[in-house]
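The values are calculated or read from the model by the stated rules, or taken from the named source; none is laboratory data. Predicted model, so just to flag it, every value in this text is computed and none were measured. For the accessible areas, the whole protein counts, side chains as well, though only heavy atoms, and no ligand, DNA or RNA atoms are used. Shrake-Rupley method; radii C 1.70, N 1.55, O 1.52, S 1.80 Å.
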Amino acid sequence: MSDPSRRPGKVTPLTHVMTGIYYVHIALATVLIGAWGLVFQVLPKGRAGVHRTAGIWTQHLLDMARVYLGLRYELRGTPPEGDCIVAAKHQSFSTF
């Protein structure tokens, strides 16, 4: 990694606390968005409602990961239109 600004920060006790809070947030968001999606999206709109609910849930969790954990992500390219397999490249950091 040549760019020091892209390196992870030091792991502190606050990091563990924020991670725990984020996990609780994930659970609550899953229940609330799932219930909302089932009633207002999936039942009346079917498959399109499932996709809309999943998109809202995913975007919310990514936004909250930025807030709680300082996560940054980058999307490159154009999503495919038809049936396909998506292979996501990821980068992880070791703090040891």
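Just to confirm, what accessible area per residue do you get for the range 33-85 at 1.4 Å probe, in whole Å²?
In whole numbers, the range 33-85 has 81 Å² accessible per residue.
Amide H of residue 71 versus every other amide H placed in the peptide plane: which residues, excluding those fewer than 5 positions away on the same chain, fall under 5 Å?
Distant-sequence amide H within range of residue 71: 66.
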